[in-house]
1. Using Rg and Dmax of the Cα atoms in Å as the read-out, say which of (i) 21.7, 87; (ii) 22.7, 72; (iii) 28.6, 117 was calculated from these coordinates.
2. Pick from Leu26, Leu186, Leu49: which residue has the top mean-square fluctuation in a GNM of the chain where Cα pairs under 10 Å get a spring?
3. Which of the listed residues, Leu186, Tyr158, Ile57, is farthest toward the dipole's positive end in the chain, when Lys, Arg count +1 and Asp, Glu count -1 at the beta-carbon?
4. Count charges around Ser206 for me, please; just the other residues with Cβ under 14 Å from its Cβ, Lys/Arg as +1, Asp/Glu as -1.
5. Lysine pairs, Cα distance under 23 Å, 8 or more residues apart or cross-chain: how many in segment 72-184?
6. Roughly how many Å² is the accessible area per residue of the chain, as a whole number, for a 1.4 Å probe?
7. For segment 19-128, with only Lys/Arg (+1) and Asp/Glu (-1) charged at the beta-carbon, what is the dipole magnitude about the Cα centre, in debye rounded to 20?
8. In a shell of Cβ-Cβ distance under 15 Å around Arg66, excluding Arg66 itself, what net charge do Lys and Arg (+1) and Asp and Glu (-1) give?
Amino acid sequence: MKKKRYLKWEKQSLTTVLYPVIFGILLLILWQTQLLHKMIGADTFALPLPGRILNIILDNGPAIRRNVTATVIVAAGGLFFGSVFGYLLGIIATVFPKWGAGGLSIASAISAVPIIAIAPILNNLTKDFSDDANIRSMFAKTIVVTITCTVAMSINAYRGLNELKPYSLDLMKSYAAGKLTVFLKLRIPNSVPYIFVALRVSVPASIISALVSEYFAEFIIGVGRQIRENIVLAQYATAWAYIVVACAIGIIMYGILLCAEGALLRGRK
């Protein structure tokens, strides 16, 4: 029985990966042979061939690595702080249920504000944070990512801390467990899967918000800023190279998350 389930899981995992790979290969073939250009009515100036994009990435390795490093620092830093703040907000909402729902509602309302509106405001608010433009810029961008990632974590953390298994809370009370024991032994372990649910939302959101915030950043560094600058200069091939790099960052970070989730939640029902 276990073997059949394992084989079924393996088949599902294979098809989940195989179909997108086949689609991607087919798209690259259509793109490289310029059939895609004919289908959508584009030219090789606005939509450069994959071979040219790859050559630009290889020829500009040091510059691309420098910009990737800046973007990853902002995305990872904002993801970390946003996740921590969001989880703490979920704990506060659980400990003080009377005010918790209102706090989560306010956080959700803040998340509805577009990133494109928040980024310029934070750039102005942090202009006196440091004399170094790079530090000011990194700080403002990290705040934008932090705000973006806080909401998903707070809502899912609150669910994980409160949506307990049937009768589990009654069982703890029958053992005369105190509130702290219930919190540490029951609520926090129950919230772990919900943390990864939140991170599945927050990881892509952190990359997107980092890229968008770089459009308005004071210091000209980062993948998002390079996309903007090269489009303004009509260097579309270079802009596409940074777009491909941005996609790679998102895929790699999401893949790391899935591996961590599979390792930590293995065997958990």
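The values are calculated or read from the model by the stated rules, or taken from the named source; none is laboratory data. Just so you know, these numbers come straight off a predicted model, no measurement behind them. Reconstructed Cβ throughout: ideal geometry from the backbone, glycine too, with neighbour counts over all protein chains shown. Side chains included, ligands, DNA and RNA excluded: accessible areas come from the protein's heavy atoms. Shrake-Rupley method; radii C 1.70, N 1.55, O 1.52, S 1.80 Å.
1. (ii)
2. Most flexible of the set in this elastic network: Leu26.
3. After comparing all options, I get Leu186.
4. Numbers: positive: Lys141, Arg200; negative: Glu214.
Local net charge: +1.
5. Here the count comes out as 6.
6. 61
7. Charge dipole of segment 19-128: 80 debye, to the nearest 20.
8. -1
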